[in-house]
Amino acid sequence: MTVIETKNLTYKYSVGTPFEVTAVKDVSFTVEKGDFIGIIGHTGSGKSTLTRHLNGLLKQTGGEVWINGRDIRAKGVNIRDIRFEVGLVFQYSEHQLFEETVFKDISFGPKNMGLSEDGIKERVLRAAEYMGVHENWLSRSPFDLSGGQKRRVALAGVIAMEPRILILDEPAAGLDPRGREKVLKFISDYHKSAGITIILVSHSMEDIVRYAGKVLVMNDGGIFCYEKTDKAFSRVKEIAEIGLGVPQITRLAERLREKGVDLGTDVYTVERAVERILGLMRK
Amino acid sequence: MNVIEVKNLYFEYNSYDEHDKITGSAPVLRDISLEIPSGQFVAVLGHNGSGKSTLAKHFNGILTPSKGFVTVDGIDIADDSALQRLRQTVGMVFQNPDNQIVATIVEEDVAFALENLGVPPAEIRERIDRALETVDMSRFAKHAPHQLSGGQKQRVAIAGVIAMSPKVLVLDEPTAMLDPKGRGEVVRTVKKLNADGATIVYITHYMEEAAEADRVIVMDGGRVIMDGTPKEIFAEVGRLKSVGLDVPQVTELAHELRKNGVDIPGDVITEEECAEHIVKLLARANYDCY
């Protein structure tokens, strides 16, 4: 079942002024229920602008956005409902924490949905568990937590609304390696157990390769390619040319190919490189 | 000659009640002693909360020691009367470029500190031009900072700092908010400044960036737990992982191959040397078959 569809989506900033810029150009793509999609692109490629259309935060200047079979700008569609269906987590989401306690912060969304006291509590506890937010943090101020912990609390706040589609804009940016891994692992486990659709915006090919089945590569506001992660990233040279960071291990495989050692074009993880090198040695 | 000397440095954050009475203290740095020779490029690693930034903030006197002392180029950083001299000796660059840019035109931003120091106008002009050239941003001198990319903005922030000709440059995760292209630009700029003689203290979470340094310092729990060349440090894959850090992917590859009984050095840190070793290895493996 298709849960997201954009048709020739276009967005221009500052229309009618000398500063008019087309940030998203003619983008058409679909996402199926339960997919884990990565979106990658250089800074200014239109990733964030695109995702802001998927829950109606920005209104397109051309084209259409369909969520769960409805044109979100059609008459009779309440955009508020769309926002409960599509959760959007911004970059540096911990900046949006504001409540006195972690519990209150996570419950802000469910409260606005008009749930009962018990219903709110249930959702807060469930979301906290999904994001590895300890029960004994719930009564503490969110500002007493570390950066990675705050980030997880902010994510739990969005998850508590139980959106069927979750869009995450650089959820691991600025965290240390351990924090990155934790946040992404929690998201991935949540995806699996809740069976929801996830869109992960990231600069990191490593992260996308590890978690997303399919990737949308953006370049200059348009789609550079939209296909299975393995297939998309086998075009290392082209990907590097449009300003994306290629994992060091993939660059190593390229270098080895130039020296006549072929590890294959799909080496993005250390495990795979080890496997291939051992294979060649045993030949 | 050592430009930075840290002796038995302790630092703790105190919490106060409404009468300004100390109610508790949280130790952040515990007994740090370090010497950094002039011209060295030092990378500082450590997970969030390990004390890296707190240490860095001592180098130009944003923070002062609870115990112990820090001197930079002979200046005691706790000496208030020498603060202006200290700040001109040590330039700081932070994570978020947007928080460091104050003017509406790039070259005015670079001039900001110089104007405050009362440098003569002709010299200001000269220093701006040189600083922008060093960070390769001359062609954006008349642009508005908000129209620049993150990497470009960060280079403008660096230009503003180097216009004061500091001997020491302290960069606290300058690439954390940048994309891969911007990160590359900043790292190249830093290496160039180092080649021109500046001492660099570079805090980062990117292991490939740390591999470019002369020396790597690893912090954990407010202490320096490892200190050596990138090769020495990254060879200890297990120890780094135990404190929440990573190693460059090529180092991890060598480490994993060794676990599988392959004869490759454990201290491989660049793509180049890693590729060479693998080519040799395979040539040898094939030779052994015949």
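If you count, for every residue in A:180-186, the Cβ atoms of partner chains within 10 Å of its Cβ, what is the mean?
1
Please identify the trypsin sites (Lys or Arg not before Pro) of region B:35-100 that satisfy two criteria: DSSP loop assignment and at most 13 other Cβ atoms within 10 Å. Which are they?
Details: sites: B:Lys52, B:Lys57, B:Lys67, B:Arg85, B:Arg87; in loops: none.
Nothing satisfies the criteria.
Count charges around B:Gly228 for me, please; just the other residues with Cβ under 11 Å from its Cβ, Lys/Arg as +1, Asp/Glu as -1.
-3
Which pairs break 20 Å Cα to Cα here: B:Lys57/B:Lys231; B:Lys231/B:Lys259; A:Lys12/A:Lys75; A:Lys150/B:Lys181?
B:Lys57/B:Lys231; A:Lys12/A:Lys75; A:Lys150/B:Lys181
Hey, what's the Cα Rg ratio for region B:2-247 versus the globular rule of thumb, 2.2 N^0.38 Å? Before the final figure, lay out each step's value.
Values: Rg = 18.4 Å, N = 246, 2.2 N^0.38 = 17.8 Å.
So region B:2-247 has a normalised radius of gyration of 1.03.
Quick one: grab Rg to one decimal and Dmax as a whole number for chain A, Cα atoms only, in Å.
20.3, 66
Counting partner chain Cβ atoms within 10 Å of every residue's Cβ in A:241-250, what's the average?
4
Projected onto the charge dipole of chain A (+1 at Lys/Arg Cβ, -1 at Asp/Glu Cβ, origin at the Cα centre), which of A:Val274, A:Val217, A:Ala160 gives the Cα projection farthest towards the positive end?
A:Val274
Calculate the dipole size of region B:213-290 relative to its Cα centre from +1 charges on Lys and Arg beta carbons and -1 charges on Asp and Glu beta carbons; express the result in debye to the nearest 20.
Roughly 240 debye for region B:213-290.
What distance in nm separates the simple spin-label points at B:Asp214 and A:Arg70, each placed 7 Å from Cα in the Cβ direction?
The modelled label-to-label distance comes out at 6.4 nm.
How many nm is it between the label spots at B:Ser165 and B:Gln84, if each spot is 7 Å from the Cα in line with the beta carbon?
So the label points at B:Ser165 and B:Gln84 sit 1.8 nm apart.
Pairs A:Lys121/B:Lys241; A:Lys47/B:Lys167; A:Lys228/B:Lys52; A:Lys228/A:Lys259: which are spaced more than 31 Å apart, C-alpha to C-alpha?
Pairs exceeding 31 Å: A:Lys121/B:Lys241; A:Lys47/B:Lys167; A:Lys228/B:Lys52.
What Kirkwood hydrodynamic radius do you get for region B:248-290 when you take the inverse of the mean 1/r over all pairs of distinct Cα atoms, in Å?
Result for region B:248-290, one decimal place: 10.5 Å.
Need one number: nm distance between label points at A:Asp81 and A:Asp230, each 7 Å from Cα along Cα→Cβ, rounded to one decimal.
Distance between the two pseudo-spin positions: 4.1 nm.
For A:His95 and B:Glu133, what does the FRET efficiency come to when R0 = 30 Å and r is the distance between their Cβ atoms, rounded to the nearest 0.05?
Numbers: r = 36 Å, r/R0 = 1.18.
The formula returns an efficiency of 0.25 here.
Need one word for region A:153-277: rounded, prolate or oblate. Basis is the Cα gyration tensor (sqrt eigenvalues a ≥ b ≥ c); a/c below 1.5 gives rounded, then a/b vs b/c decides.
Verdict is prolate for region A:153-277.
Please name which of B:Ala78, B:Met219, B:Ser33 has its Cα lying farthest along the dipole of region B:2-247 towards the positive end, using unit charges on Cβ (Lys, Arg +1; Asp, Glu -1) and the Cα centre as origin.
Sorting the options by dipole projection puts first B:Met219.
Whole Å is fine, so just give me how far the alpha carbon centre of region A:221-283 lies from that of region B:105-175.
Region A:221-283 and region B:105-175 have Cα centres separated by 38 Å.
Let me have the 222 nm mean residue ellipticity of chain B computed from DSSP H runs of 4+ only, each contributing -39500 (n - 2.57), with the sum over all residues rounded to the nearest 500.
-12000 deg cm²/dmol
Tilt of helix B:180-195 relative to the longest C-alpha principal axis of chain B, in degrees (0 to 90, nearest 10)?
The angle comes out at about 80 degrees.
Filter the GluC sites (Glu not before Pro) in region B:1-73 down to the DSSP loop ones having no more than 15 other Cβ atoms within 10 Å, then list what survives.
Of the GluC sites (Glu not before Pro), the ones in loops of region B:1-73 whose Cβ has at most 15 other Cβ atoms within 10 Å are B:Glu18.
Out of all DSSP beta bridges with both ends in chain B, state the antiparallel percent to the nearest 5.
60 percent
Expressed as an acute angle from 0 to 90° and rounded to the nearest 10, what is the orientation of the C-alpha long axis of helix B:271-289 relative to the principal long axis of chain B?
Result, in degrees: 0.
Roughly how many debye, to the nearest 20, is the charge dipole of chain B about its Cα centre, given +1 on each Lys and Arg Cβ, -1 on each Asp and Glu Cβ, and no other charges?
Computed about the Cα centre, the dipole is about 80 debye.
Give me P(r) over the protein assembly as shown, computed from all C-alpha to C-alpha distances, binned every 20 Å, as integer percentages.
In whole percents, the pair-distance histogram is 18, 49, 31, 2, 0.
Considering only A:Ala173, A:His134, A:Phe103, whose Cα is most displaced toward the positive end of the charge dipole of chain A, charges sitting on Cβ of Lys, Arg (+1) and Asp, Glu (-1)?
Among A:Ala173, A:His134, A:Phe103, the one farthest towards the positive end of the dipole of chain A is A:Ala173.
For chain B, find the longest principal axis of its Cα atoms and tell me its angle to the long axis of helix B:150-162, 0 to 90°, nearest 10.
Orientation of helix B:150-162: about 60 degrees from the principal axis.
Relative contact order of region B:2-247: what whole-number percent is it, with Cα pairs under 8 angstrom and at least 6 residues apart?
26 percent
Which chymotrypsin sites (Phe, Trp or Tyr not before Pro) from region A:1-87 combine a DSSP loop assignment with at most 13 other Cβ atoms within 10 Å?
Within region A:1-87, the qualifying chymotrypsin sites (Phe, Trp or Tyr not before Pro) (loop, at most 13 other Cβ atoms within 10 Å) are A:Phe19.
If we sort A:201-211, B:166-176 on the protection proxy, mean other Cβ atoms within 10 Å, highest first, what's the order?
In decreasing order of mean packing, A:201-211, B:166-176 become B:166-176, A:201-211.
Could you work out, for region A:1-145, what percent of all Cα-Cα pairs fall into each 10 Å distance bin, beginning at 0 Å and stopping at the bin that holds the largest distance?
P(r) over region A:1-145, rounded to whole percents: 10, 31, 30, 22, 7, 0.
Rule-based calculations on the coordinates, nothing more; no lab input. Treat the numbers as computed from the prediction; the structure is a model and nothing was measured. Virtual Cβ from ideal backbone geometry, glycine too; neighbours counted across all protein chains shown.
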